[in-house]
Amino acid sequence: MTIAVEPPRAADPVAPPALGRSVWRREEAARAALLHDGAAYFAAARAALLAARRSILLIGWSFDPRTRLRPGTDGESLGDLLVRLKAERPELAVRLLVWTLPWPLSANTDMKPEAVRAQLGPGIDYRVDAALPYGACQHQKILVVDDRVAFCGGSDFEANRWDTPAHRDRETRRRLPSGEPYPPRHDVMMLVDGSAARALGDLARRRWLEATGETLAPEPPAAPETPDAGPEHDPWPGAVVPDLEGVGVALARTAPGIGGRAEIRECEALYLDQIRAARRTIYLENQYFTSPLIARALARRLAEPDGPEIVVVLAACSPNGFDRLTMDSARRGLIRWLRSRDRHDRFRIRAPHTERGLPILVHSKVAVFDDRVLRVGSANLNNRSFGYDSECDLVVEAADGPAGAATRAAIARLRDRLLAHHAACPPESFAAAAARDGLCAALDDPGLAPTRRLCGLVASHRSLLARFIEAFHIGDPVGIGDAWRPWRRRRLIRRMARTLPEA
């Protein structure tokens, strides 16, 4: 199998550190794995939950206890599983913290907090997070088990999150509790162990403190293995083969400034640093694509005669009317603007579809810069994910030289695997073409990436309403200062753009 490892060219300058100071913590993971789509995440989460001995801590945007972790194989829901585990292990602490959905989002669900608590019972500590400003959402998606393993990425435990990488047009297991089918969905989570998992536990406990006022103690660190004590308990899912081993993992956050605390914009700063540092390729897959700062940073790289190739994968359209009106309106103008600056033909933006042409909802938040940086988390490429909502991304950075060769090879392999998945072609074939000709050429090859499966996104005509929404970024605030004052937003974005460093 050919892996598109990208050695630095002799003429390349030494790249600036991709992480810089734009992270909260840097920790280590003996093992890390990418869980590709909901079926993989749900299966791995179930295995880790079954192995829990001390604590389960879940921080999410939403939660439905009726969610089936293995649809089609048994009738046990996630809520049933948690209740069973608590009954079997009374000493196991099970805590769930979920954003309190405001109206009108709450009007679309029958799983109000009272209904969730009724299903879970008194043994499980279920709380709602209402500590953020009205309109800002708790968007971190973190599951920590015993402080030994932790998951972070784009997926919640909702009834419409499960899907397989096949994204079949007809999938009987892809159904809501009502029996109604839901569309195919692509998502990505990262699983880590070691001190990286403990750091995610610390972040989750901090979120719990800010939302509830209660301090949770961390679990005791793993004891060294001895002949008398035997091996330390390990909740890592046995079926998951690590994609990366012995790697550093950084955590980047977003949080609005409230209660006297300064705002945290690490996710945004890190994206800007990584775009500026990329040498050859920038790969982004995301639910949204509306941030003017990200667009300006990409445009600067497109202006360079020998800058990186830039590939973006998005859904053909958002799943609900509000997002189609706000986020899709803004991204149309952004796509049009970026294409006008692609003078060297290095920009591709694509939307994946099923075999029969049904759009696949891209909900993941993944970025790969060269074969050096892999990023997976909850932050979207929009304004609110960079300053208004709470977010968390995990970042793996490979070292230069022989010491980082294995990690660079793994990062390139994961990027090519994702693109091959969207293009519905064998990963080996895509990796070979990308290594030989580059990402854009591989995507332009209809034998590798048929346009019916990976369609180009067209910046269609924008109505007057869409232009107004785009101009003021309605529904997409930069922070607390402009949250309910969109007339301030354009001036604020322009001021922030002037501070961007040159590439």
Can you tell me what share of the DSSP beta bridges in the chain is antiparallel? A percent to the nearest 5 is fine.
70 percent
Residue-averaged 222 nm ellipticity for the chain, from DSSP H runs of 4+ at -39500 (n - 2.57), nearest 500
-9000 deg cm²/dmol
Contact order relative to length for segment 247-498, counting C-alpha pairs under 8 Å separated by 6 or more residues, stands in percent at 25 percent
For segment 296-314 and segment 462-503, compute the distance between their C-alpha centroids and round to whole Å.
22 Å
What number comes out for the charge environment of ARG173, summing +1 per Lys or Arg and -1 per Asp or Glu over other residues with Cβ under 11 Å away?
+4
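If the viscosity is 1.002 mPa s and the temperature 20 °C, what Stokes-Einstein diffusion coefficient in µm²/s follows for segment 389-469 when Rh is the Kirkwood radius over Cα pairs?
Estimated via Stokes-Einstein, D reaches 139 µm²/s.
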Could you compute the FRET efficiency for ARG168 and THR109, with r as their C-beta to C-beta distance and R0 at 22 Å, rounded to 0.05?
0.25
Contour minus Cα-Cα distance for ASP345 and ARG491 (0.36 nm per residue):
49.4 nm
Which shape class applies to segment 247-498: rounded if a/c is under 1.5, otherwise prolate when a/b exceeds b/c and oblate if not, where a ≥ b ≥ c are the square roots of the Cα gyration tensor eigenvalues?
oblate
Pull out the extension gain between PHE468 and CYS317, defined as 0.36 nm times the separation in residues minus the alpha carbon to alpha carbon distance; nm, one decimal.
52.5 nm
Kindly identify segment 26-212 as rounded, prolate or oblate by the Cα gyration tensor criterion: order the square roots of the eigenvalues as a ≥ b ≥ c, call it rounded if a/c is under 1.5, otherwise compare a/b with b/c, prolate if a/b is larger, else oblate.
rounded
Could you tell me the center-to-center distance, by alpha carbons, between segment 241-290 and segment 38-109 in angstrom?
26 Å
Under the 0.36 nm per residue contour assumption, what length would be gained going from the current alpha-carbon distance of ALA409 and THR215 to full extension?
65.7 nm
Measuring from label point to label point, each 7 Å out along Cα→Cβ, what is the ALA441 to TRP24 span in nm?
4.2 nm
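Any read-out appearing in this document is the output of simple, stated calculations on the displayed coordinates, not a laboratory observation. In this text, all values refer to a predicted model and were calculated from it rather than measured experimentally. As a convention, Cβ positions derive from the backbone with ideal geometry for all residues, glycine included, and neighbour counts pool all protein chains shown.
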